[in-house]
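Peer 1: Mind having a look at this structure? Questions to follow.
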Amino acid sequence: MRIYDIHPTDSTVIDPAGREAPLDPMRQQPRIPAGATNIEPPEVGEHQVARWTSDTWEVVADWRGHVYWTASGERHEITELGVEPPADALDEEPPEPLDKLATRKRAEIDQARDAAFAAGLPYDIAGEPDVVQTRPQDQINLLGLSAKAQRLIAAGDSEATLTFRGLSNVNRELTAEEMDTLTLAALAHIEGIYQRSWDRKDAIDQALAEEDREGIEAITW
């Protein structure tokens, strides 16, 4: 007698080919052990499996492990019997919508811009190598120092000194003339970073208007 074992978790047939029933050790007659049946399961097609329903077999969809995407880009994985991918499911992740791609690229440019500000401007301060910090909070300080230096120069006191502290956290005394040169260099550096950011964002907007996916993807800092 042929028997068919039933999976204890999902009630599917373990081996559609079945196996010979074991013999009762006392009667030496074939017996059906618990978790098995002598009813032959039906033939199934691709992505189908036979499942036991307490007294018979039924054919159910079996897409477990299958991954698909919706048109909006949502990823799904089927983990249960009887669930099929929708008719409009995609087997590969769809391209990112152009507007989302553009938004992501703008965010990347913002991050790169902020990283450039945080890196600062390498500069010899009073003859010593240092870094002029150019973060947003530093920009306010640089503008103030620039204004002070230019007022002193305009008043004919270009040799008056001002204190400047770079990334090294060392106070250095600079003349108004030196401070004016330093702050102008730093402000030009900051302006260059902003301009670089604006140029790339304008390029993203232009490529988006032209629906140029490759153009948007190619834009980097």
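The values are calculated or read from the model by the stated rules, or taken from the named source; none is laboratory data. Predicted model, so just to flag it, every value in this text is computed and none were measured. Note that we place each Cβ from the backbone using ideal geometry, even for glycine, and neighbour counts take in every protein chain shown. For accessibility, only protein heavy atoms count, side chains too; no ligands or nucleic acids. Shrake-Rupley method; radii C 1.70, N 1.55, O 1.52, S 1.80 Å.
Peer 1: Can you go through 5, 55, 15, 10 and tell me which one is acidic (Asp, Glu), closer than 27 Å to residue 84 by Cα and outside any loop (DSSP other than H, G, I, E, B)? First the steps, then the outcome.
Peer 2: Working: 55 fails: outside any loop (DSSP other than H, G, I, E, B); 15 fails: outside any loop (DSSP other than H, G, I, E, B); 10 fails: outside any loop (DSSP other than H, G, I, E, B).
One residue alone meets the criteria, 5.
Results for (1) under 14 Å from residue 185 (Cβ atoms); (2) polar (S, T, N, Q); (3) touching a His at 6+ places or on another chain (Cβ under 9 Å), shown as yes or no for each residue.
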residue: 121; (1), (2), (3): yes, no, yes
residue: 132; (1), (2), (3): yes, no, yes
residue: 140; (1), (2), (3): no, no, no
residue: 144; (1), (2), (3): no, no, no
residue: 159; (1), (2), (3): no, no, no
residue: 164; (1), (2), (3): yes, no, no
residue: 167; (1), (2), (3): no, no, no
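Peer 1: Tell me which residues, restricted to the range 123-136, are aliphatic (A, V, I, L, M) and buried (at least 16 other Cβ atoms within 10 Å of the Cβ).
Peer 2: Just the residues of the range 123-136 that are aliphatic (A, V, I, L, M), to begin with: 125-126, 131-132.
Those that are aliphatic (A, V, I, L, M) and buried (at least 16 other Cβ atoms within 10 Å of the Cβ): 125, 132.
Peer 1: Looking at the range 187-205, which of its residues are farther than 15 Å from residue 104 by Cα, open to solvent by 50 Å² or more (accessible area, probe 1.4 Å) and not hydrophobic (A, V, I, L, M, F, W, C)?
Peer 2: Scanning the range 187-205 gives 189, 191, 194, 195, 196, 199.
Peer 1: In the range 64-122, which residues are free of Cβ contacts under 8 Å to residues at least 40 places away in the same chain, under 26 Å from residue 207 (Cα atoms), open to solvent by 50 Å² or more (accessible area, probe 1.4 Å) and not in a helix (DSSP H, G or I)?
Peer 2: Hits for the range 64-122 are 71, 72, 74, 92, 93, 96, 97.
Peer 1: Here's something else I'd like to know. So which pairs qualify, if the first residue must be in the range 25-43 and among the basic types (Lys, Arg), the second must be open to solvent by 60 Å² or more (accessible area, probe 1.4 Å) and part of a strand (DSSP E or B), the Cβ gap must be under 9 Å, and the two must be at least 6 apart or on different chains?
Peer 2: Short answer, once both residue conditions are applied: 31/23.
Peer 1: Sort out which residues of the range 41-52 are open to solvent by 60 Å² or more (accessible area, probe 1.4 Å) and under 15 Å from residue 82 (Cβ atoms), and write them in order of number.
Peer 2: The initial filter retains those residues of the range 41-52 that are open to solvent by 60 Å² or more (accessible area, probe 1.4 Å), namely 43-44, 46-48, 51.
44, 47, 48, 51, listed by residue number.
Peer 1: List the residue pairs whose Cβ atoms are under 6 Å apart, where the first residue sits in the range 152-165 and is crowded, with 17+ Cβ neighbours inside 10 Å, the second is in a loop (DSSP other than H, G, I, E, B) and of a type in the set (Gly, Ala, Ser), and the two are 6 or more positions apart or on different chains.
Peer 2: 152/160
Peer 1: Let me spell it out: the conditions are (1) free of Cβ contacts under 8 Å to residues at least 60 places away in the same chain; (2) in a strand (DSSP E or B); (3) surrounded by 15 or more Cβ atoms within 10 Å (Cβ to Cβ), and residue 142 meets all of them except one. Which number is the exception?
Peer 2: Of (1) free of Cβ contacts under 8 Å to residues at least 60 places away in the same chain; (2) in a strand (DSSP E or B); (3) surrounded by 15 or more Cβ atoms within 10 Å (Cβ to Cβ), only one is false for residue 142: (2).
Peer 1: Among the residues that make up the range 145-156, is at least one of them farther than 22 Å from residue 113 by Cα, outside any helix (DSSP H, G or I), out of contact with any Cys (no Cβ under 8 Å at 6 or more places or on another chain) and polar (S, T, N, Q)?
Peer 2: Checked the range 145-156: no residue is farther than 22 Å from residue 113 by Cα, outside any helix (DSSP H, G or I), out of contact with any Cys (no Cβ under 8 Å at 6 or more places or on another chain) and polar (S, T, N, Q).
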